[in-house]
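Right, I'll just put the structure down here and ask away after.
The values are calculated or read from the model by the stated rules, or taken from the named source; none is laboratory data. Because the structure is a prediction, the values reported are computed rather than measured. Cβ sites come from the backbone with ideal geometry, for glycine too, and all protein chains shown count toward neighbours.
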Number of protein chains: 2
Amino acid sequence: MSNLQKEDFSAWYIQTIKQADLMDYSPVRGCIIFKPDSYEIWEHIQEAFNLRFKEEGIRNAYFPMLIPESFFTKEKDHIEGFSPELPWVTEAAGEPLEERLALRPTSETMIGTAFSDWINSYRDLPYEINQWANVFRWEKKTLPFLRTSEFLWQEGHTAHEDEASARERTMRMLEIYKETIEGLLAIPVYSGQKTPSERFAGAVDTYSVEAMMKDGKAVQAGTSHYMGTKFAEAFDIKYLNRDNEHVLAHTTSWGVSTRLIGATIMVHGDEQGLVLPPAIAAKQVVLVPVGPWKKKTEILERLEVLSKDLKAAGVRVLIDDSDNSPGYKFNEWELRGVPLRVEFGPRDLTNNQVMIKMRDIEGKEAVSLDGIVESIQTALADMQTRLLETARKNRQQHEYTHIETLDELKEHIENKRQEGETPGFVLVGWDGTDETEEIIKEETGFTTRNIPFDPIVEKKTCIVSGKLAKHTVWLARAY
Amino acid sequence: MSNLQKEDFSAWYIQTIKQADLMDYSPVRGCIIFKPDSYEIWEHIQEAFNLRFKEEGIRNAYFPMLIPESFFTKEKDHIEGFSPELPWVTEAAGEPLEERLALRPTSETMIGTAFSDWINSYRDLPYEINQWANVFRWEKKTLPFLRTSEFLWQEGHTAHEDEASARERTMRMLEIYKETIEGLLAIPVYSGQKTPSERFAGAVDTYSVEAMMKDGKAVQAGTSHYMGTKFAEAFDIKYLNRDNEHVLAHTTSWGVSTRLIGATIMVHGDEQGLVLPPAIAAKQVVLVPVGPWKKKTEILERLEVLSKDLKAAGVRVLIDDSDNSPGYKFNEWELRGVPLRVEFGPRDLTNNQVMIKMRDIEGKEAVSLDGIVESIQTALADMQTRLLETARKNRQQHEYTHIETLDELKEHIENKRQEGETPGFVLVGWDGTDETEEIIKEETGFTTRNIPFDPIVEKKTCIVSGKLAKHTVWLARAY
Ligand SMILES: [Zn+2]
Ligand SMILES: [Zn+2]
């Protein structure tokens, strides 16, 4: 077995996604092809969130991708935040355009302009909408799924009568993100508030769910923003309130993206390659005939019956009856992260059983063919739960709460480096100033992830200034 | 009742989609906002096609939107066909790009490049993939849903060992388009082959399904292309065949787009506004309490039970318990095309019945509350069938097969104009030359729609040259 994941996590990641046939590069910088096996993960993510959004009464819509330059200039912080990363359309149909058009990095400006038209009275509020779309951010460093020039995401945008209702929506979506990312992707996340310097460009408050990868680095897995009346002011989103006055709406936005695919790979993958939570795996079960199965037609026939029964029960299954050796097949489907493998040969036929190998644990188990569909469904459900527990344990081993000073942090990082270990997530006290945050970043490369709602420990003094801590904050290296 | 649909179809169309709250304009030329009620139609279309694609073993993927200019120049006909309509990204992140990047008008070039990498052996074939995506064509004249600068579509791309297999896929997808457009959207279509001048840029053969709008004009509702080995040659899609030789693959592509939304509106809408086939309506049923219902709480309570029962049965239903008058509500939901309206008041409560009004037929019917869910489901299914039949009848009334010469065609068009009628679809003989096709277009504004597989009449002589007809072809004005 290789030690690549431990020794060179980046190399392991690229090798894993290539071997699992998840993506390919395009000649356009930082743009990737989502091949069927990764796109199907995204489709399962979409299904899950669409269900939740629908329960909340939030409907999908689609807004134009091209945004006139003038829209961006309306909200000062927003243009400052995004302009360094925008690609621009400057010509079309053989002629230069009068105004440059940006490829959307996010749709606040387009949707704000629409909301201004559509919202007239308190009766129109809350106005709550979601969009699934491609977005563009021309970043310097790119990494498949985690940071690409074009990516896919959902962006929700809502307008409300007052701050309380807008904040309730902001927090509710964060909750839905946490529940779905933990339930569907088996990735445990920390919910909390971003520090001012890490806020979304133009937001009053930004909240996030943060996940720890196997190399200890952080991925911001979802964000939810309370905009106050800043965008309403910039885009003139006013409504007639119950007292017959024209007042500004309070708006929110929130999103998750295809970086969730990357996070899933980095949280669950192992030295054998991809490990996929059953809930999102394109194929949940692979059936492999073993032994001299070609001489005994009942073997394949029995697997075909099992395949049909599993499909009828809603299980995503395939039979590998190719000419490759069983060993080759086992390796192939492990690389691709298929959660459950069934092996079935002449001896199993005689014993009315199959051998089952779960992707995430060692060893095989003989399971009776009586009630096999239910046994497999249970095994998949157990694996889904187990992956989350395993990820939680792994995360816990790389959470550090004992660090009080910047020197201790540097020492921790250096010690872990020497041990060939990850420095992980470090919970520290912070005096709440941009200056101390900047010092941490410059001296250690760690950034604030979020101020957790329920910190496992309350820190009393700021790690940099030694002053009374205003917040307890997670620090980590981040993707 | 207004006569707007009859007198000014374009004005009727725009009024209908605005009143039904389906779309809004964006400040960017020809780009529209798909509001929730139109986007949900698109979602139902996606669901239906995804099911069919899955049955065919075709998987979804996602390819980058930005296409390097050099990709386009590889297939001569393709670049000639698309270059007049391309928008270009020329700068990103504050710097000019070395090579211009087109916003995809279609993905043949991107996917061809990928196929060249991915396909090595006959064992990889057929390679069949579909993509749901936004695409861009900077057209001079735009019309919401039917012709927009940015639109949504699916594009399937497949590669095959030989011509037979590629042609089979081409025709199979056309069949699936016909079945789905007729079954789901209740729009009857003519299947046939496009003439060479109307072929997709770079295709060997293009097939289409063509629909007739209520104004007699045509909408090309879906297309399927056999590319031969032209794209394989341009993009070097070669594979090792069963005889161990490197040979070119045969490719296909096929697509339908959000113009299906526009076609649905133009085929079924009437003077009262939108009429939606139940299969794709965001709301299939609206429940309206009538009479002094606010004084009798059982009325609304009973409707809430009905709503719950309908939802449990998978029916998309809403209750309109707003303060608006029943007449206002009736009008509102008719404008929005809700297929079935239930009225329920004190007298109905006493009689254990509801009044049901179907959107597409006059008059209301009393229906017993016993078995009401099944009654409603049956009524919706009947309406779905009826809409297709009505559209077929309407189409039949505007099919003309008696025209033998160009003068007769001109006369027909002029007569219909004077009668305030549409000239509809005209089936004519054609000698198969580009020249005669061009003359028809110049002199009448009619274009060839397709050469139907099963023409209702075989035409013997060419409408222009009087020579022996090589094909019988549909002519019409087209969107
Ligand atoms: Zn460790
Ligand atoms: Zn007529």
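Tell me the strands (runs of 3 or more DSSP E) entirely within the stretch A:196-246 that contain at least 2 residues that are away from ligand 1 (no atom under 16 Å from the Cβ) and at pLDDT below 95.
none
Checking residue B:3 against (1) crowded, with 21+ Cβ neighbours inside 10 Å; (2) over 30 Å from residue A:99 (Cβ atoms); (3) modelled with pLDDT under 95, which single condition isn't satisfied?
(1)
The conditions are (1) out of contact with any helix residue (DSSP H, G or I) (no Cβ under 7 Å at 6 or more places or on another chain); (2) more than 20 Å from residue A:185 (Cα to Cα); (3) assigned to a loop (DSSP other than H, G, I, E, B), and residue A:337 fails exactly one of them. Which is it?
Unmet condition: (2).
Moving to a separate point now. What are the pairs, 6+ residues apart or on separate chains, where a residue within the stretch A:398-411 that is under 20 Å from residue A:467 (Cα atoms) has its Cβ under 6 Å from a residue that is within 16 Å of ligand 1 (Cβ to nearest atom) and not in a helix (DSSP H, G or I)?
Close Cβ pairs (under 6 Å, with a partner that is within 16 Å of ligand 1 (Cβ to nearest atom) and not in a helix (DSSP H, G or I)) amount to A:403/A:426.
State all residues of the stretch B:185-195 that are in a loop (DSSP other than H, G, I, E, B) and of a type outside the set (Lys, Arg); if no residue qualifies, say none.
Passing the criteria: B:185, B:186, B:187, B:188, B:195.
How many residues are within 12 Å of the chain's Cα centre (by Cα) and of a type outside the set (A, V, I, L, M) when one looks only at the stretch A:34-48?
2
Now, a different point. Please go through the stretch A:39-66 and pick out each residue that is hydrophobic (A, V, I, L, M, F, W, C) and either within 11 Å of another protein chain (Cβ to nearest Cβ) or touching a residue at least 24 places away in the same chain (Cβ under 8 Å) (or both).
A:41, A:42, A:45, A:48, A:49, A:53, A:58, A:61, A:63, A:65, A:66
Evaluate the following for residue B:389: is it closer than 30 Å to residue B:367 by Cα and under 26 Å from the mean Cα position of the chain (by Cα)?
Yes: the conditions hold for residue B:389.
Condition first: surrounded by fewer than 17 Cβ atoms within 10 Å (Cβ to Cβ) and within 16 Å of ligand 1 (Cβ to nearest atom). Can you find one or more residues in the stretch A:453-472 that meet it?
no
Moving to a separate point now. For the stretch A:177-195, what are the residues that are over 17 Å from the mean Cα position of the chain (by Cα) and either more than 17 Å from residue A:476 (Cα to Cα) or not assigned by TED's automatic domain parsing to the domain that holds residue A:226 (or both)?
Listed by number, the list is empty, since nothing qualifies.
Scan the stretch A:370-380 residue by residue and report those that are without any contact (Cβ under 8 Å) to a residue 24 or more places away in the chain and under 14 Å from residue A:344 (Cβ atoms).
Of everything in the stretch A:370-380, just one residue is without any contact (Cβ under 8 Å) to a residue 24 or more places away in the chain and under 14 Å from residue A:344 (Cβ atoms), namely A:375.
Within the stretch B:463-474, does at least one residue satisfy the condition of being out of contact with any Lys or Arg (no Cβ under 9 Å at 6 or more places or on another chain), of a type in the set (S, T, N, Q) and within 16 Å of ligand 2 (Cβ to nearest atom)?
no
On to the next question. How about the stretch B:207-229: which of its residues are within 22 Å of residue B:161 (Cβ to Cβ), polar (S, T, N, Q) and surrounded by 24 or more Cβ atoms within 10 Å (Cβ to Cβ)?
Selection gives B:224 alone.
Would the stretch A:136-158 turn up any residue that is under 26 Å from residue A:32 (Cβ atoms), within 13 Å of chain B (Cβ to nearest Cβ), at pLDDT 95 or above and in a helix (DSSP H, G or I)?
So far as the stretch A:136-158 goes, no, none of its residues is under 26 Å from residue A:32 (Cβ atoms), within 13 Å of chain B (Cβ to nearest Cβ), at pLDDT 95 or above and in a helix (DSSP H, G or I).
Still on this structure, I have one more. Checking residue A:278 against (1) in the same structural domain as residue A:354 (by TED's automatic domain parsing); (2) surrounded by 21 or more Cβ atoms within 10 Å (Cβ to Cβ); (3) touching a residue at least 60 places away in the same chain (Cβ under 8 Å), only one condition comes out false. Which one?
(1)
Mind counting the residues in the stretch A:376-389 that are surrounded by fewer than 18 Cβ atoms within 10 Å (Cβ to Cβ) and β-branched (Val, Ile, Thr)?
So the answer is 2.
Listed here are the residues, each with its yes/no results for (1) part of a helix (DSSP H, G or I); (2) at pLDDT 95 or above; (3) closer than 21 Å to residue B:33 by Cβ; (4) in contact with a Lys or Arg (Cβ under 7 Å, 6 or more places away or on another chain).
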{"site": "B:88", "(1), (2), (3), (4)": "no, yes, no, yes"}
{"site": "B:96", "(1), (2), (3), (4)": "no, yes, no, no"}
{"site": "B:101", "(1), (2), (3), (4)": "no, yes, no, no"}
{"site": "B:131", "(1), (2), (3), (4)": "no, yes, no, no"}
{"site": "B:134", "(1), (2), (3), (4)": "no, yes, yes, no"}
{"site": "B:164", "(1), (2), (3), (4)": "yes, yes, no, no"}
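Within the stretch B:381-391, can one find any residue that is within 16 Å of ligand 2 (Cβ to nearest atom) and either touching a Gly at 6+ places or on another chain (Cβ under 7 Å) or touching a residue at least 12 places away in the same chain (Cβ under 8 Å) (or both)?
Looking through the stretch B:381-391, at least one residue is within 16 Å of ligand 2 (Cβ to nearest atom) and either touching a Gly at 6+ places or on another chain (Cβ under 7 Å) or touching a residue at least 12 places away in the same chain (Cβ under 8 Å) (or both).
Please go through the stretch A:167-202 and give me each residue that is free of Cβ contacts under 8 Å to residues at least 60 places away in the same chain and surrounded by 24 or more Cβ atoms within 10 Å (Cβ to Cβ), ordered by number.
A:189
Would you pick out the residues in the stretch B:284-302 that are more than 14 Å from residue B:343 (Cβ to Cβ) and surrounded by fewer than 22 Cβ atoms within 10 Å (Cβ to Cβ)?
Answer for the stretch B:284-302, where residues must be more than 14 Å from residue B:343 (Cβ to Cβ) and surrounded by fewer than 22 Cβ atoms within 10 Å (Cβ to Cβ): B:294, B:295, B:296, B:297, B:298, B:301.
Moving on to the next point. Considering only the stretch A:103-122, how many residues are within 11 Å of chain B (Cβ to nearest Cβ) and either among the charged types (D, E, K, R) or in a strand (DSSP E or B) (or both)?
3
Looking at A:99, A:80, A:91 in this structure, which one is surrounded by fewer than 16 Cβ atoms within 10 Å (Cβ to Cβ) and within 11 Å of chain B (Cβ to nearest Cβ)?
A:99
May I pose another question? Could you go through the stretch B:8-15 and let me know if any residue there is surrounded by 20 or more Cβ atoms within 10 Å (Cβ to Cβ), among the hydrophobic types (A, V, I, L, M, F, W, C) and within 13 Å of chain A (Cβ to nearest Cβ).
Looking for residues that are surrounded by 20 or more Cβ atoms within 10 Å (Cβ to Cβ), among the hydrophobic types (A, V, I, L, M, F, W, C) and within 13 Å of chain A (Cβ to nearest Cβ), one finds none in the stretch B:8-15, hence no.
I need the full set of residues from the stretch B:400-428 which are buried (at least 19 other Cβ atoms within 10 Å of the Cβ), assigned to a loop (DSSP other than H, G, I, E, B) and within 16 Å of ligand 2 (Cβ to nearest atom), in order please.
Those that are buried (at least 19 other Cβ atoms within 10 Å of the Cβ), assigned to a loop (DSSP other than H, G, I, E, B) and within 16 Å of ligand 2 (Cβ to nearest atom): B:422, B:423, B:424.
Does residue A:125 meet the test of being more than 11 Å from chain B (Cβ to nearest Cβ), in contact with a Lys or Arg (Cβ under 8 Å, 6 or more places away or on another chain) and touching a residue at least 24 places away in the same chain (Cβ under 8 Å)?
no
Out of the residues in the stretch B:16-38 that are part of a helix (DSSP H, G or I) and more than 10 Å from every other protein chain (Cβ to nearest Cβ), which is nearest to residue B:177 (Cα to Cα)?
B:17
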